[in-house]
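All remarks here apply to the structure that follows.
The values are calculated or read from the model by the stated rules, or taken from the named source; none is laboratory data. As the structure is a computational prediction, the values presented were derived from the model and not from experiment. All Cβ positions, glycine included, derive from the backbone under ideal geometry; neighbour counts span all protein chains shown.
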Amino acid sequence: MINKKDIRAVEKNELESFFMNHKSPQYRATQVIEWIWKHHQLDFNKMLNLSKSERELLKENFIVKSVYISNTTISSDGTVKFLFKMDNANVVEGVLIPQLNRLTVCISSQAGCSLACNFCATGKLKLDRNLTAGEIYDQVFLINQYALSRYNKAITNIVYMGMGEPLLNFHNVIMSIKHITSARGMALSGKRITVSTVGITKMIKKIADLEPNFNLAISLHSAIDKKRSKIMAINETNNLSNLELALKYFYDKTKIKPTYEYVMLKDFNDSIEDAQALVEFCKKIPSKVNLIEYNKVEGIKYQKSTIKKTNIFLEMLEKNNILAKLRRSRGEDIGAACGQLATQNK
Ligand code: SAH
């Protein structure tokens with residue numbers, strides 16, 4: 001029996017060889033690529049510009065792994081949470097965040113997560129598996145369809161800030177971006193895509209070498225090693241000085257300013273000294289800061305910082321000419337805000 005490969009995990013040159021080996025023209029590969037990505041036609045029978053025998057050939061040799069929406073929940077602030085199913089078993093979540101001039105999609109790259117940051121709901125899960133490029137793409141495609149039908153508007157921004165660590169599913173994440181930005185895919189601009197990472201330094205350098213067309217966000221959360229290690233185990237192997245080296249390499253190669261995400265945890269990382277440490281870290285590489293409000297996660301002891309402390313922290317950054325913004329929580333009432341995704345409403 002042939003071990004059928006997922007057609008959306010196949011590269012173009014492989015598909016070209018496949019057709020040529022079966023005495024079909026090479027350009028069939030491009031036609032199939034447009035079907036599976038641009039038109040999102042995942043049924044080989046409906047690829048009507050291929051001959052019947054070519055369609056049969058595809059069916060004999062490939063499968064298509066895909067994702068469907070099994071539930072949607074709408075927050076009082078308009079944020080929509082999507083529960084996606086794959087293989088009828090694994091579940092991930094995605095979020096659509098409507099703002100004044102933006103429709104941002106937040107998608108997952110892994111089912112579960114292996115990192116266990118101690119303030120994050122996803123971190124309490126185990127890693128189930130990496131999503132395929134097709135499964136990542138599907139989330140964007142399906143949420144875009146939802147946006148078009150509900151608001152008559154296409155999505156504008158994509159953030160890889162859902163469940164999982166994108167840089168630990170490197171190949172599939174990069175492949176998904178390639179198809180999201182391709183004219184034979186969704187043709188969206190890479191400038192509107194942000195990949196967020198806990199800071200896997202080796203992979204940050206690898207991205208830099210790829211000459212990326214997308215943005216990078218780092219979940220920093222503390223610019224003091226001892227503190228960062230307390231909340232993010234990754235800091236033990238990828239500490240702040242390693243991170244600095246990797247980001248310097250990234251910036252020098254790409255001239256893209258990384259964004260530092262900083263969740264404001266009450267009486268943990270929200271003091272003047274913490275802000276000073278962040279200022280020093282920011283001065284090392286051209287960068288921006290997003291302060292994030294902490295979202296409640298059941299069973300986790302942290303609390304949201306006060307408005308007063310948050311404002312003092314923000315002012316301190318601004319006084320030192322650091323580009324900083326406070327990101328208010330969205331979708332907290334439905335468990336759709338940063339760090340809350342854990343598929344609890346299965
Ligand atoms: N693993 C990647 C992608 C997830 S992004 C990363 O960590 O960057 C999700 C963002 O939400 C990260 O910055 C994460 O640290 C943050 N986050 C996690 N739990 C949170 C919580 N309870 N409240 C606010 N932000 C949280």
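Data table
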read-out	value
Set L247, L265, L291: member being modelled with pLDDT of 95 or more and near the ligand (Cβ under 10 Å from one of its atoms)	L265
Test result for K301, assigned to a loop (DSSP other than H, G, I, E, B), out of contact with any Cys (no Cβ under 7 Å at 6 or more places or on another chain) and of a type outside the set (S, T, N, Q)	yes
Residue within segment 130-151 that is surrounded by fewer than 18 Cβ atoms within 10 Å (Cβ to Cβ) and within 29 Å of M264 (Cα to Cα) present	no
Hits in segment 55-72 (condition: assigned to a strand (DSSP E or B) and crowded, with 17+ Cβ neighbours inside 10 Å)	F62, V67
Selected residue (criterion: nearest to the ligand (Cβ to nearest atom)) from residues of segment 106-149 that are in contact (Cβ under 8 Å) with a residue 24 or more places away in the chain and of a type in the set (K, R)	K124
Unique match (being part of a helix (DSSP H, G or I), under 19 Å from L265 (Cα atoms), free of Cβ contacts under 8 Å to residues at least 60 places away in the same chain and of a type outside the set (V, I, T)) among L326, L314	L314
